[in-house]
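Have a look at the structure below, then the notes.
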Number of protein chains: 4
Amino acid sequence: MKDVSAQDLAGNLRRVARTSDDQRTVVRIGPATFGDDRTFTVIAGPCTVESRDQVIDIARAVKSRGATMLRGGAFKPLTFPYRSEKMFELGMEGLRYLHEAGRVAGLPIVTEVTDLRRVGEMSELADMLQIGARNMQNFPLLEEVGRVGKPVLLKRHFGASVRDWLGAAEYLVHNGTSDVVLCERGIVAPHTHVPTSRFIVDLQAVLAAKELSHLPVIVDPSHSTFKRTFVAPIARAALAAGADGIILDVHPVPEQAAVDPLQALSYDAFGTLMTELRGIAGVLGRQVA
Amino acid sequence: MKDVSAQDLAGNLRRVARTSDDQRTVVRIGPATFGDDRTFTVIAGPCTVESRDQVIDIARAVKSRGATMLRGGAFKPLTFPYRSEKMFELGMEGLRYLHEAGRVAGLPIVTEVTDLRRVGEMSELADMLQIGARNMQNFPLLEEVGRVGKPVLLKRHFGASVRDWLGAAEYLVHNGTSDVVLCERGIVAPHTHVPTSRFIVDLQAVLAAKELSHLPVIVDPSHSTFKRTFVAPIARAALAAGADGIILDVHPVPEQAAVDPLQALSYDAFGTLMTELRGIAGVLGRQVA
Amino acid sequence: MKDVSAQDLAGNLRRVARTSDDQRTVVRIGPATFGDDRTFTVIAGPCTVESRDQVIDIARAVKSRGATMLRGGAFKPLTFPYRSEKMFELGMEGLRYLHEAGRVAGLPIVTEVTDLRRVGEMSELADMLQIGARNMQNFPLLEEVGRVGKPVLLKRHFGASVRDWLGAAEYLVHNGTSDVVLCERGIVAPHTHVPTSRFIVDLQAVLAAKELSHLPVIVDPSHSTFKRTFVAPIARAALAAGADGIILDVHPVPEQAAVDPLQALSYDAFGTLMTELRGIAGVLGRQVA
Amino acid sequence: MKDVSAQDLAGNLRRVARTSDDQRTVVRIGPATFGDDRTFTVIAGPCTVESRDQVIDIARAVKSRGATMLRGGAFKPLTFPYRSEKMFELGMEGLRYLHEAGRVAGLPIVTEVTDLRRVGEMSELADMLQIGARNMQNFPLLEEVGRVGKPVLLKRHFGASVRDWLGAAEYLVHNGTSDVVLCERGIVAPHTHVPTSRFIVDLQAVLAAKELSHLPVIVDPSHSTFKRTFVAPIARAALAAGADGIILDVHPVPEQAAVDPLQALSYDAFGTLMTELRGIAGVLGRQVA
């Protein structure tokens, strides 16, 4: 691997580097398992928690179609400081709805934390804390989240190297969390290559991260492609390439999603994708859960 | 699609743009079929034709494992003008060996043409002519190859947009070839993202090219990843994402390949991959051929 | 500008977008002036504050050669959580040394804040707070720093668009700071283009940011190029292209710098560069200060 | 330099690598000098030769303002095979006009050759042959042009590494030309960084190429930025950073240029720029010619 040296592996990636071929961290959160080489784990839910009813409905819908974990944004980082009426943010109220929905449906929940002052209260409700791409190298946040000891989903910044990404994971583990799941969500690519409005999924980084580290690695086909017709193909590709799972936006009426309406899957589309994923997993000696 | 405008589609991509959802070009070359939505076509063979015996052996090996087309380099573009003793080039002699190997094994052949003065003699022996990535916008070469009327495999330059790529295809069709197959072989990506020594496979470009154009699109997992352990995962991902096929380097003793020894698959590894591809294709209502 | 729409300018960049050709924010901090179109302002100092004596010596050295502001890292973000004995961090003690050095030399100081819990105490000592590249979209930090009302130096993330960068500036201004200076410090570029170990300076982004916004824009030739022989050429280029200033690493014995020893300029090299900058500025009707 | 190894320098870049600090190739073409460390050479002229009168007028205009070489496109590669009525191509007739204009004004001429079959006849009229970015790795063309022995202007492909670029130069020198001038014209950059419609000028590649090789290196601020207001700033930056010259589009009525009307400078703007360049050159102990 070009951008991670042997010196990095020994000196800087003391806890996340693999030291033998069969060394694997398996992260278990209730029914969700990441990294056992057999399971392909599907996290699904709304981009943003819009209401109590919405997130409970979605939780039941994705659970019944095979997801084993629920996602949902309570605090959403936005490029600009202004929110339209529709792009509201429920904050802690939203997290409580997500928590309730998870309990109703029997699904553990993951949500993004953006402010280190909220790590404590959010970790009481969330089963897994997500570090978003933009905060991948927000080291004080990594330290706070690491200290809590809960499982963490660490997204790769769209401008970050695999080396930077593993360095951020090292911060988490060094501070106390052993349960870190890495998540590829696309990289900036030359403008002339971009047929859509967002980021190119780098499956080779998934493979590289799994060769270099013992941590599980999943893919986010929704926030990377930002284009509904690309989500299922990239989700299938992630499984076929060997990722440990995916995290997906699902919405009852995708075009009406409060945030990112271009990328969410409908319940039907999600169901169809799950059937395809189960088939592919079976061929590869794996299972979808 | 951001980088291809409606004006491009109507005015500049007159022949390669899709004008209806079900418009598809199907390219048939003997047993190989590209673009019928059902078939996933596997082209395999040596990076470089090294000897008559070698290429006949490889042809039989890939045929028996399910490939329907044979690849092989007779003229290889190199970054520097100096060839080591090992990186020799058989030229027309190599193409004749490839042609013979194809006939022996019952496989049509594809080989790269780099010099427009050789288009005539090469097209007498090759069933399909390949335009390499570096020549994607060598317009006089595209014109000569287009005029021959034979099927063409058009690789995407690692620095080219989907727009540039389709523009090059338009040159081919405008000059007389209707049978063009597009081939994604990876893009330059920010250095900090590159865990290996080459290019990032852009599966979203495959999806974009298929949405914008009626031409078939395949993937080259060998020359993009340049890393043996990444080839099969990316090949499976290409199928899962919806590509029309792949083109692969296969060598009896990969470490001893004259050119690019880091990326070729052994016969066994190729056989295992073909079994996986057949399984995945079955799940998706497709077949490997 | 491709990636900033008219809608962004009117709706999302309400405070930082230029609404007329001659609208300019001029940021004045003691002897340092940013954005008056006439002044090219030079900020210089150590990458990291290593000791009281060191930073006082550097402050005097850069002041005597024409710098009007002092830089120095007290809290340094590192890719990995482990610091070598040499890469120590003085923290608040370092900031106090920097503050003292500034007063001794008569230079205002700028230092990076990485933890929102330190914004209060750091703003008591620093004349300008720097948001580093990695924290460009750490929105809670931007909000805290904005509320303090002190001048801010906002570095562009190496993976961020001009749109993202201006969006971050909008957060600062929206929360209370009107004195924001933007700083280009290089972008990730395709690996095949990278002749050095870091980032490509994007002078076109400087031009774009100045066309789109009324804020001053400076360049960091040290942390972008990461290569001593490239620093002076890129510093001169920044002036020639129209930037409002530069921020530079200067060290008495560059090879012995505790952090980033490959990029700092010696006192002599800094003096020579300042002479060149004064000459170029004079040609362009500007002055170095 | 990361992407050029010591092995490349010794084994693959046998003729273009610098073997001592003061080794410099100086290319002299009539009044134009490239690479003597003192001269900053300005090539100017129309993107495309539109008529005999036009190119003679432009030749006189740029000569009187200080250019020492005339550029002009006779054969223009286009992304799509269709030319609008306005984007006509005069071909050899255009080259004869350019040749006449050069003689009238006393300027040597440079023009792009895209088809290896025309190298012979074009080299009879042109003083320097240009290899365009898209043909940088069209090796048969490089061989033909190298054999002619005339000076060559070798543009860097927007997706090519410095290593690839120097490799292409090695082809030229290996085949017989010793007078090669390299030309940086921008690279593909992550879409999120692109404030304009084209390529980011990589001045660090200019510096790297000059460190690694003894060949002169110039910059094309017109075809890279593709935006008139950016041309002069980047031209000044190229001089300030240490390039050996620039090549510029100049047109009497820029908005009416047949090809690329967004980037050409008017006579007045060109005159103003030349005055600025002379001033900056003087400061740096150089001269514009």
What ³J(HN,Hα) values, in whole Hz, does the Karplus curve 6.51 cos²θ - 1.76 cosθ + 1.60 give for the range C:123-131 when θ = phi - 60°, with x put for Gly and Pro? 5, 6, 9, 8, 7, 8, 9, 9, 9
Which residues of the range D:120-146 end up with at least 30 Å² less accessible area in the presence of all protein chains than when their chain stands alone, using a 1.4 Å probe? D:R134, D:Q137, D:N138, D:F139, D:P140
Heavy-atom accessible surface, probe 1.4 Å, ligands and DNA/RNA ignored: which residues of the range B:4-27 lose at least 20 Å² versus the isolated chain? B:N12, B:R14
Among the residues of the range A:48-94, which ones have their accessible area go down by 20 Å² or more when all the protein chains sit together, as opposed to their chain alone (1.4 Å probe)? A:L78, A:T79, A:F80, A:P81, A:Y82
Can you tell me which of B:A235, B:A209, B:A160 moves the most in a GNM of chain B? Springs connect C-alpha atoms under 10 Å apart. B:A160
Tell me the per residue accessible area of the protein assembly as shown using a 1.4 Å probe; a whole number in Å² is fine. 30
Amide H to amide H, which residues 5 or more places from A:I218 or on other chains are under 5 Å from it, using H placed in the peptide plane? A:L182, A:C183, A:E184, A:D244
The range C:73-87-the range A:111-158 distance, computed between alpha-carbon centres (Å): 21
Inverse of <1/r> over all distinct C-alpha pairs of the range C:1-130, i.e. the Kirkwood Rh in Å, gives 16.6
Eight or more residues apart or on different chains, and alpha-carbon atoms under 23 Å: count the Lys pairs in chain D matching that. 11
With the cut-off at 1.5 for a/c, could you classify the range D:232-289 from its C-alpha gyration tensor as rounded, prolate or oblate? prolate
Rg and Dmax [Cα atoms of the range D:133-289; Å; Rg one decimal, Dmax integer]: 15.9, 43
Shielding by other protein chains, B:231-244, mean Cβ within 10 Å: 6
So what J values fall out for the range A:51-58 if you push phi through Karplus, 6.51 cos²θ - 1.76 cosθ + 1.60 with θ = phi - 60°, rounded to Hz, Gly and Pro as x? 6, 4, 4, 4, 6, 5, 4, 5
Ordering of D:129-135, C:258-264, A:254-260 by burial proxy (mean other Cβ atoms within 10 Å per residue, highest first): D:129-135, C:258-264, A:254-260
For A:I109, distant residues with modelled amide H under 5 Å away: A:L70, A:D127, A:M128
Counting helices only, and only those DSSP H runs with n ≥ 4, report the 222 nm mean residue ellipticity of chain A as the sum of -39,500 (n - 2.57) divided by its residues, in deg cm²/dmol to the nearest 500. -11000 deg cm²/dmol
Within 11 Å, Cβ to Cβ, of A:P254, how many net charges do the neighbouring residues add up to if Lys/Arg are +1 and Asp/Glu are -1? -3
Considering all projection directions equally, how large on average is the shadow of the alpha-carbon convex hull of the range B:151-231, in square nanometres? 5.3
With a point put 7 Å past each Cα toward its Cβ, work out how far D:D53 is from A:R28 in nm, to one decimal. 8.7
The protein assembly as shown, Cα convex hull volume normalised per residue, Å³: 147
In nanometres, what is the gap between the two model label sites at D:E100 and C:E93, each 7 Å from Cα along Cα-to-Cβ? 8.1
What is the distance in Å between the Cα centroid of the range C:1-67 and that of the range A:216-254? 41
In nanometres, what is the gap between the two model label sites at B:V253 and A:L125, each 7 Å from Cα along Cα-to-Cβ? 6.5
Averaged over peptide A:154-161, how many Cβ atoms belonging to another chain are found within 10 Å of each residue's Cβ? 6
So for chain B, averaging the separation of alpha carbon pairs under 8 Å that are six or more residues apart and normalising by length, what relative contact order in percent results? 22
Express the carbon and sulfur contribution to the solvent-accessible surface of chain D as a percent, rounded to the nearest whole number, probe 1.4 angstrom. 46
Mean 1/r over all different Cα pairs, inverted: what Kirkwood radius does chain A give, in Å? 18.7
Between beta-carbons, use under 15 Å as the cut-off and find the net charge around D:A10, counting Lys and Arg +1, Asp and Glu -1. +2
Using a 1.4 Å probe on protein heavy atoms only, how many Å² of accessible area do B and A hide from each other, summed over both chains and rounded to 100? 3400
Inter-chain Cβ neighbour average for residues C:166-174, partner chain, 10 Å: 3
Neighbour-limited loop hits for trypsin sites (Lys or Arg not before Pro), the range D:182-289 (at most 16 other Cβ within 10 Å; DSSP other than H, G, I, E, B): none
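The values are calculated or read from the model by the stated rules, or taken from the named source; none is laboratory data. These numbers come from a predicted model, not from an experiment. Note: ideal-geometry Cβ built from the backbone for every residue, glycine included; neighbour counts use all protein chains shown. Surface accessibility is based on the protein's heavy atoms, side chains included, excluding ligands, DNA and RNA. Shrake-Rupley method; radii C 1.70, N 1.55, O 1.52, S 1.80 Å.
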